[in-house]
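Below is one structure, written out as structure tokens, with a few remarks after it.
The values are calculated or read from the model by the stated rules, or taken from the named source; none is laboratory data. Please read all numbers here as calculations on a predicted model, not as lab measurements. We place every Cβ from the backbone using ideal geometry, glycine too, and count neighbours over all the protein chains shown.
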Ligand SMILES: Cc1cc2nc3c(=O)[nH]c(=O)nc-3n(C[C@H](O)[C@H](O)[C@H](O)COP(=O)(O)O)c2cc1C
């Protein structure tokens, strides 16, 4: 049994955990690290402005406003260009580099990055060791994998390849590519990773509350966790797991939503505000039934002012019901 969490990372989630969401979630949680959405590496150096766009935190020494470290994730199959780009990410301020070997998207797999590489431990070894060799020894190289592509046959081989190539940390999303995002997560496979590998192992997948976090830590035999969708469904989940807070009330959450709306509208992606908010509400309603009724009220609204009015009314209503 290993139920005392040591570190919690916020998972990379393309199109969801963008810089603004990272800023918001780290402002209310004690996360130890955030991983960015992936930077796609084909052949060549990805321009600096793309790194900055994906991770404005790089201009802040690779940290969010409250000082939570942010690590750039790279996705690609070309070892040399992955290494060159890892160096660039570090030069720009990334706190280590994370390598994505778990992404299931088709377009990604056509250009041979992400989960398809789980079929080829050798390629994974080449990429991780090229990146490790190119980077300053003090910088952390981490990899993120699934249990396999179609099945778990090569899992141990992949883990051994990542370790032999010199990675410091490994996160395992405890499902195969074929499993997609369907529950359950098979944490017990993580528990079988040999201690001899000397990497810090992070367990990931289907952690939604304190009970699942504890079950995961027990089965995966690690006190290091990465939170994905659960971190969106319960915005203070990291602190709940760390034992410093109870689950956020709907009242507090309605104020957070208002704050989010203001930040989103002030940012350069305000065009996406309504779809981003609706997307977040889809996760929130897993933990808060009230999010469903808010979603129903705003789902047909497209104009930002109308949506803002609904959210402000909600926050106001909560203040009033608290005072009466
Ligand atoms: C919308 C979405 C986008 C994701 N984008 C990435 C990504 O860019 N890089 C990556 O390594 N994993 C990505 N993932 C996978 C998550 O990091 C995580 O491994 C997965 O969601 C399982 O954890 P969970 O069950 O806690 O959500 C994404 C997942 C979701 C739901």
In the set 151, 133, 179, 122, the lone residue that is in the same structural domain as residue 102 (by TED's automatic domain parsing), buried (at least 19 other Cβ atoms within 10 Å of the Cβ), out of contact with any helix residue (DSSP H, G or I) (no Cβ under 6 Å at 6 or more places or on another chain) and at negative phi is 179
Item checked: Residue check, residue 246 more than 14 Å from the ligand (Cβ to nearest atom), surrounded by fewer than 22 Cβ atoms within 10 Å (Cβ to Cβ), modelled with pLDDT of 95 or more and assigned to a helix (DSSP H, G or I) -> no
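So that you can scan it fast, the table gives a plain yes or no per residue for (1) within 14 Å of the ligand (Cβ to nearest atom); (2) in contact (Cβ under 8 Å) with a residue 60 or more places away in the chain; (3) not assigned by TED's automatic domain parsing to the domain that holds residue 36:
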| residue | (1), (2), (3) |
| --- | --- |
| 213 | yes, yes, no |
| 216 | yes, no, no |
| 223 | no, yes, no |
| 228 | yes, yes, no |
Checked region 211-243 for anything over 25 Å from residue 37 (Cα atoms) and not in a helix (DSSP H, G or I); matches are 221, 243
request  = Could you tell me whether region 110-128 includes any residue that is within 16 Å of the ligand (Cβ to nearest atom), under 18 Å from the mean Cα position of the chain (by Cα) and part of a helix (DSSP H, G or I)?
outcome  = yes
The one condition residue 32 fails out of (1) more than 16 Å from the ligand (Cβ to nearest atom); (2) out of contact with any helix residue (DSSP H, G or I) (no Cβ under 8 Å at 6 or more places or on another chain); (3) free of Cβ contacts under 8 Å to residues at least 40 places away in the same chain is (1)
Residues of region 185-204 being touching a strand residue (DSSP E or B) at 6+ places or on another chain (Cβ under 7 Å) and in a helix (DSSP H, G or I), in sequence order, are 189, 190
Of the residues in region 66-96 that are closer than 13 Å to residue 123 by Cβ and part of a loop (DSSP other than H, G, I, E, B), the one that is farthest from the ligand (Cβ to nearest atom) is 78
